[in-house]
Amino acid sequence: MNEKSAYDSIEIGLEVGPIEVDLSEDKVKEYAEAIQWETSEGLVGINAVPPGITIVEHARMNFSGEGAKLKAAIWAKSEHEFIKPIKIGSKVFIRGKVVEKYTKRDRNYAVSEYETVDENGDLLMKSRETGLIIE
């Protein structure tokens, strides 16, 4: 029986998500404390979440649904463009797609791009992440 490896089974164009993330005030305060943000009160005052609060969802997306073929990956590189502030209490939607995969020094990598939009469909953040695929 010749089963495809996790890397071989990843197809360019594979979509992950979309998922919905509810950024309640409690969730924002909890995140601010976890990353030791100076003060969560300041965030509430400007009605904005800390940059990157939704990035953890990218990894979760990669290991669910069609991405569940992956057993492990190491985050090798990431680039994030924060376009608009994300408001506390908003719902955001994240969708992603595998855009490239390659082998370098006998190691397999997959590159995914993600977009985070608000309830109106306005683009808030774009990300490009490279992961080392572990078999």
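The values are calculated or read from the model by the stated rules, or taken from the named source; none is laboratory data. As the structure is a prediction and not an experimental result, all values here were calculated from the model. Positions of Cβ are generated from backbone atoms using ideal geometry, with glycine treated the same way; all protein chains shown enter the neighbour counts.
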Please name all residue pairs, on different chains or six or more residues apart, with Cβ atoms under 7 Å, provided the first residue is in segment 6-32 and is closer than 30 Å to Arg107 by Cα and small (Gly, Ala, Ser) and the second residue is surrounded by fewer than 19 Cβ atoms within 10 Å (Cβ to Cβ) and at pLDDT 80 or above. Gly13/Lys97; Gly17/Arg95
Counting only residues in segment 115-135 that are within 17 Å of the chain's Cα centre (by Cα) and touching a residue at least 60 places away in the same chain (Cβ under 8 Å), the one nearest to Ile83 (Cα to Cα) is identified as Met125
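Scan segment 38-64 residue by residue and report those that are among the hydrophobic types (A, V, I, L, M, F, W, C), surrounded by 12 or more Cβ atoms within 10 Å (Cβ to Cβ) and at pLDDT 65 or above.
Let us first name the residues in segment 38-64 that are among the hydrophobic types (A, V, I, L, M, F, W, C), namely 43-44, 46, 48-49, 53, 55-56, 59, 61, 63.
Adding the requirement that they be surrounded by 12 or more Cβ atoms within 10 Å (Cβ to Cβ) leaves 43-44, 48-49, 53, 55, 59, 61, 63.
Ala48, Val49, Ile53, Ile55, Ala59, Met61, Phe63, listed by residue number.
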Just one of Val92, Val16, Val21, Val99 is at pLDDT 80 or above, in contact with a His (Cβ under 9 Å, 6 or more places away or on another chain) and part of a strand (DSSP E or B); which is it? Val16
Segment 65-88 - residue that is surrounded by fewer than 13 Cβ atoms within 10 Å (Cβ to Cβ) and among the small types (Gly, Ala, Ser) and, of those, modelled with the lowest pLDDT: Ala68
